[in-house]
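Novice: Mind having a look at this structure? Questions to follow.
The values are calculated or read from the model by the stated rules, or taken from the named source; none is laboratory data. Please read these numbers as outputs of a predicted model, since none were measured by experiment. Every residue, glycine as well, gets a Cβ built from its backbone with ideal geometry; the counts of neighbours run over all protein chains shown.
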Amino acid sequence: MTNTVPVVVSADNFIPVNTQTWVNGRHNVRCVKVIKETWDVRTFCFMSEQPVMYFFKPGQFVTLELEIDAKQVMRSYTISSSPSVPYSFSITVKRAPGGKVSNWLHDNMQEGDELAVHGPVGVFNCIDYPASKVLLLSGGVGITPMMSMARWFFDTNADVDMAFAHSARTPGDIIFQRELDHMASRIGNFSLHLICEKIDNGQAWHGYRGYLDQAKLEMIAPDFMEREVFCCGPGPYMAAMKQLLESNGFDMSRYHEESFGETPVGIAEDAKDQADSAQEEALAVDQSEMIRVDFANTGKSIQIMPGETLHAAASKLDLNIPKACGMGICGTCKVMVKEGEATMDHNGGITDEDVAAGYVLSCCSVPQGDVVIDF
């Protein structure tokens, strides 16, 4: 008979895990799962090597930093997961004809692949606009921020009356249908309404057909005038929804829509062209009016015209400050102003904490005098 020594389990047996909290910035992540949602839509799930609590506001987005054909490419995607499942986050991407990044992700991104992401950022979210009743409107892959919001309300047992109306091309194009049906079957404050533009041969469909119009809106949410409205989808879809609500005299301060899309092809070339054009114009400006921009890390400096952005100054020197949206939304082009002052006109791509620390978004920041930039 063998004598055994009992193992005493205590805190000393465990290696402590220092869990970090996600903050806006550049982060290295690894793809841990790829999910096929529909024939042309996939969800990509990401985690960090060390545990990170991915807290964000449902509706916000991240910017992916990728290398495609030996060139750096930045592209922003809404987070489709919910911060109620905090140790990972997901984006859901639709393959698009001619879509450089979306097609690359579908064809190349696999479990185990590593990449950098910037974020999270975005003023479009359900946390900053609390309401007891909401109307979630989505078209196509615009369902992603709506899904993040719905998952958050569902997982946290929020006392929020949700009317969820999603428009798709055909029944086969409805993203997250099983999960939406599950939520609708589990709680009484979630009403689901699916609308299909057309029905292909052999498809069974008993829901709404056509497009979301006045009659359907009144059936879906008779009290829509009393709800906070969140909308995301293709440009024409969002324009139609705005027109529909405005025609009813809806208080548009309670209407919120996602405001970024894929970065136009050639954005870097456009920035360089604009910088070259500004340089030509600068020849006609009195030199005493010119502003000096120093980039501390590279030792380079340049004179720019009043009103030009920091990003334009960098472009003239062939300095590549990463940029995805060019509108102060994505937060990718964040730099620190070490000396001097720059006026920033952003659209939610930077936090108050970063601003207080001296950071600006170079794409929408104009120096008010000579400045030194930490880049």
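Novice: When segment 118-161 is examined, which residues are found to be of a type in the set (A, V, I, L, M) and surrounded by fewer than 20 Cβ atoms within 10 Å (Cβ to Cβ)?
Specialist: Across segment 118-161, the qualifying residues are Val123, Ile127, Ala131, Ala158.
Residue-by-condition table, conditions (1) assigned by TED's automatic domain parsing to the domain that holds Ala158; (2) assigned to a strand (DSSP E or B); (3) not acidic (Asp, Glu):
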residue: Thr92; (1), (2), (3): no, yes, yes
residue: Ala96; (1), (2), (3): no, no, yes
residue: Asn103; (1), (2), (3): no, no, yes
residue: His106; (1), (2), (3): no, no, yes
residue: Gln110; (1), (2), (3): no, no, yes
residue: Ala116; (1), (2), (3): no, yes, yes
residue: Cys126; (1), (2), (3): no, no, yes
residue: Val141; (1), (2), (3): yes, no, yes
residue: Thr144; (1), (2), (3): yes, no, yes
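Novice: Still on this structure, please answer the following. Check off (1) touching a strand residue (DSSP E or B) at 6+ places or on another chain (Cβ under 9 Å); (2) farther than 18 Å from Val134 by Cβ for Tyr255 and give me the number that stays unchecked.
Specialist: (2)
Novice: Could you pull out every one of the strands (runs of 3 or more DSSP E) wholly within segment 285-345 that has 3 or more residues that are modelled with pLDDT of 85 or more and within 14 Å of Ile373 (Cβ to Cβ)?
Specialist: Qualifying strands (runs of 3 or more DSSP E): 291-295, 300-304, 334-339.
Novice: Here's a follow-up. Residues in segment 47-56: is at least one modelled with pLDDT of 90 or more, farther than 23 Å from Met109 by Cα and buried (at least 20 other Cβ atoms within 10 Å of the Cβ)?
Specialist: Yes: segment 47-56 contains one or more residues that are modelled with pLDDT of 90 or more, farther than 23 Å from Met109 by Cα and buried (at least 20 other Cβ atoms within 10 Å of the Cβ).
Novice: If you don't mind, there's one more thing I want to ask. Which of the residues spanning segment 79-101 are modelled with pLDDT under 95 and either surrounded by 19 or more Cβ atoms within 10 Å (Cβ to Cβ) or within 14 Å of the chain's Cα centre (by Cα) (or both)?
Specialist: Across segment 79-101, the qualifying residue is only Val101.
Novice: Residue check: is Pro222 assigned to a loop (DSSP other than H, G, I, E, B), surrounded by fewer than 17 Cβ atoms within 10 Å (Cβ to Cβ) and outside the structural domain of Ile35 (by TED's automatic domain parsing)?
Specialist: Yes: the conditions hold for Pro222.
Novice: Being in a helix (DSSP H, G or I) and of a type in the set (A, V, I, L, M, F, W, C) is the filter here, so list the residues in segment 156-195 that pass it.
Specialist: Once the filter is applied, which keeps residues that are in a helix (DSSP H, G or I) and of a type in the set (A, V, I, L, M, F, W, C), segment 156-195 yields Leu180, Met183, Ala184.
Novice: Among the residues of segment 39-74, write down those that are part of a loop (DSSP other than H, G, I, E, B), touching a Gly at 6+ places or on another chain (Cβ under 9 Å) and under 17 Å from Val121 (Cβ atoms).
Specialist: Of everything in segment 39-74, those that are part of a loop (DSSP other than H, G, I, E, B), touching a Gly at 6+ places or on another chain (Cβ under 9 Å) and under 17 Å from Val121 (Cβ atoms) turn out to be Phe56, Lys57, Gly59, Gln60.
Novice: While we're here: Which condition number in (1) of a type in the set (Val, Ile, Thr); (2) assigned to a strand (DSSP E or B); (3) within 16 Å of Thr144 (Cα to Cα) is the one that Val85 fails?
Specialist: All conditions pass for Val85, except number (2).
Novice: Kindly indicate the residue of segment 329-361 that is within 17 Å of Ile291 (Cα to Cα) and among the β-branched types (Val, Ile, Thr) and also surrounded by the most Cβ atoms within 10 Å (Cβ to Cβ) among those meeting that condition.
Specialist: It comes out as Val337.
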